[in-house]
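**Q** Would you mind keeping the following structure in view while I ask a few things?
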Amino acid sequence: MAQNVVETRSLTKVYRDFWGRKKKTALNALDLTIQKGEIFGLLGPNGSGKTTTIKLLLGLLFPSSGDALVFDQPAAKVEKNERIGYLPEESYLYRFLNAEETLDFYGRLFNMPAERRRKRAEELIDIVGLKNDKKRILREYSKGMRQRIGLAQALINDPDLVILDEPTSGLDPLGTRWMKDLILDLKKNGKTILMCSHRLDDVQDVCDRIAILYNGDLQEQGTVSRLVEDQKRVNLQASGLQMTDALEQELKAVIEKHGGKLESVGHPTTTLEDLFLRIIEESKARPGRRYLPSGNGN
């Protein structure tokens, strides 16, 4: 049986005003589980309860009712945070430190020995691609570079559970692809990842299961493949032939015979991300390559 790393039971958080009157129910009776070794996506618009859920799991907030368990311990027990790595949406890092000093500082918070801090910092700086900028102070970093060093500090303690809030924020398409590949590598290494993101394509690319929140209520939960599958439509793909009027008419007749309707026929498409990455790689392989308009306006 799968082992639960995170479990919430009727987890509720109500914010109240100065006089104790109910102001907002940020989270309402949330029930979910995150299993060991999976990538779990927490989705929802602003104000849906995602950040509140994360803060409850980290013990930064106390629930109004219900339970939150992390590693089978109450989330309020701060000791369990030694096994958690957290990348907030906005990394509040000391901008007068460089990358090495930043990771050394966070390593000290976990009481890591000096030699282990040094080796771990060197390893993480290489992993996040900041080897050539490790001596620059963070104030000189771009937002994407700060996101990379923020991820490195989240991994400094080699955590079992990694919580990522908008991990691709500030990254260009190449950086986004790198981040998604790194998240998948973390899973291969046995890590459990809780990921919040507004970029649904990123979630679809890496997450095993997702939960969708709206106004504090859980609206849907399940595997990505099941939730995005349209049971009322069937896709057909074939290779080695050209689409002709005769072929289209035959397909239409077969589909109508079985009670369906042929909606469209055409060639499959790629994603804009894949197209972008392919063009960049081709440009690297062929220096001087440039686009020449065909004159047809397409």
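**Q** Only residues that are assigned to a helix (DSSP H, G or I), touching a Gly at 6+ places or on another chain (Cβ under 9 Å) and surrounded by fewer than 18 Cβ atoms within 10 Å (Cβ to Cβ): list them for the stretch 74-109, please.
**A** Val78
**Q** Only one of these is under 18 Å from the mean Cα position of the chain (by Cα) and modelled with pLDDT of 85 or more: Leu184, Leu200, Leu227, Leu138. Name it.
**A** After applying the criteria, what remains is Leu184.
**Q** Can you tell me how many residues within the stretch 237-257 are within 41 Å of the chain's Cα centre (by Cα) and surrounded by 10 or more Cβ atoms within 10 Å (Cβ to Cβ)?
**A** 5
**Q** Among (1) surrounded by fewer than 12 Cβ atoms within 10 Å (Cβ to Cβ); (2) under 30 Å from Asp185 (Cβ atoms), where does Arg21 come up short?
**A** Result: Arg21 passes all but (2).
**Q** As an exercise: evaluate Glu7 against (1) crowded, with 16+ Cβ neighbours inside 10 Å; (2) charged (D, E, K, R); (3) more than 17 Å from Glu220 (Cα to Cα) and give the number of the one condition it does not meet.
**A** With (1) crowded, with 16+ Cβ neighbours inside 10 Å; (2) charged (D, E, K, R); (3) more than 17 Å from Glu220 (Cα to Cα) applied to Glu7, the lone miss is (3).
**Q** Next question, about the same structure. For the stretch 1-53, what are the residues that are small (Gly, Ala, Ser) and either at positive phi or assigned to a strand (DSSP E or B) (or both)?
**A** Across the stretch 1-53, the qualifying residues are Ser10, Gly20, Ala26, Ala29, Gly37, Gly41, Gly44, Gly47, Gly49.
**Q** May I ask you to list pairs of residues, at least six apart or on different chains, whose Cβ atoms are under 7 Å apart, with the first in the stretch 235-249 being farther than 13 Å from Lys261 by Cα and the second being part of a loop (DSSP other than H, G, I, E, B)?
**A** Taking only residues 6 or more apart or on different chains, the pairs are Gln237/Pro268; Met243/Val265.
**Q** Assess whether Glu273 counts as being part of a helix (DSSP H, G or I), outside the structural domain of Ile125 (by TED's automatic domain parsing) and either at pLDDT below 75 or under 30 Å from Gly129 (Cβ atoms) (or both).
**A** Judged against the criteria, Glu273 is a match.
The values are calculated or read from the model by the stated rules, or taken from the named source; none is laboratory data. Quantities reported herein were computed from a predicted structural model and do not represent experimental measurements. Cβ sites come from the backbone with ideal geometry, for glycine too, and all protein chains shown count toward neighbours.
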